[in-house]
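Below: the structure, in structure tokens.
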Amino acid sequence: MIAVIDYDAGNLRSVEKAFLSLGEQVSLTRDKEQILLADKVVLPGVGAFGDAMAKLDQYGLREVICQVAGRGTPFLGICLGLQLMFESSQESEGVAGLGLLEGRILKIPDCPGLKIPHMGWNSLDIRPDSRLFAGVPQGAYVYFVHSYYLKAKDEGAVAASTEYGVHIHGAVEQGNLFACQFHPEKSGDTGLRILKNFVDL
């Protein structure tokens, strides 16, 4: 069973539907026991970093997520979910993230000809040995919607990157922790392949 964490963020239903389309059993939940018993756990989300962390704390989910990560359960962050897995964000100075991975979320700099938020399809430079991107061709296009981007401390954890006025760490994987800044659930067959790879871990 896949637990999709419900913390009142946007886009949760789209992620649930994507996993259902793959034939998976999915629970959209904030029940701590259900999350801890799940085979895989997903933290999606669209919204602001500070508001999201406040919701996770309100529902007592920070501790549960850290337990899941510590147990070795495969865990996937999507969009805002990726950002929350790191230490902090320029969007909400002074708010601590989950700190599951080392790195900082930075504002995409103004660049002539590029709109912010970054909304659209970008190609990925994929690390050849990535488990999350197994079978996904180099240069595959995925769908992004964001104004802030990840700069991971450990370059070795970066599974895929892209360019949008700045070098963006578009996906990470380290041990049982996986995350995508883009939306696999909105990225067509490529996105479904990525989600299937996560399911099959």
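The values are calculated or read from the model by the stated rules, or taken from the named source; none is laboratory data. Predicted model, so just to flag it, every value in this text is computed and none were measured. All Cβ positions, glycine included, derive from the backbone under ideal geometry; neighbour counts span all protein chains shown. Quick note on the areas: whole protein, heavy atoms, side chains included, nothing else; ligands and nucleic acids left out. Shrake-Rupley method; radii C 1.70, N 1.55, O 1.52, S 1.80 Å.
One table, with the values for the structure above:
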item: Long-range neighbours under 6 Å by Cβ, at least six apart or interchain, first residue at positive phi within region 8-37, second surrounded by 14 or more Cβ atoms within 10 Å (Cβ to Cβ) and of a type in the set (A, V, I, L, M); result: N11/V46
item: Qualifying positions in region 102-121 - within 17 Å of A179 (Cα to Cα) and surrounded by fewer than 18 Cβ atoms within 10 Å (Cβ to Cβ); result: E102, R104, L106
item: Region 70-81, subset assigned to a helix (DSSP H, G or I) and of a type outside the set (D, E, K, R), residue surrounded by the fewest Cβ atoms within 10 Å (Cβ to Cβ); result: G70
item: Subset of region 87-101 (residues that are surrounded by fewer than 17 Cβ atoms within 10 Å (Cβ to Cβ) and more than 19 Å from V64 (Cα to Cα)); result: Q90, E93, G94
item: Matching residues, region 122-142, being more than 14 Å from A179 (Cα to Cα), outside any loop (DSSP other than H, G, I, E, B) and either open to solvent by 30 Å² or more (accessible area, probe 1.4 Å) or free of Cβ contacts under 8 Å to residues at least 40 places away in the same chain (or both); result: S123, D125, Y141
item: Residue under evaluation Q67, criteria (1) of a type in the set (S, T, N, Q); (2) open to solvent by less than 30 Å² (accessible area, probe 1.4 Å); (3) closer than 26 Å to F19 by Cβ, criterion not met; result: (2)
item: Enumeration of residues in region 82-105 that are touching a Phe, Trp or Tyr at 6+ places or on another chain (Cβ under 6 Å) and assigned to a strand (DSSP E or B); result: S89, G103, I105
item: Meets criteria (modelled with pLDDT of 95 or more and farther than 30 Å from G60 by Cβ) for I126; result: yes
item: Every residue from region 129-167 that is among the β-branched types (V, I, T) and either closer than 22 Å to F49 by Cβ or at pLDDT below 95 (or both); result: V142, V145, V158, T162, V166
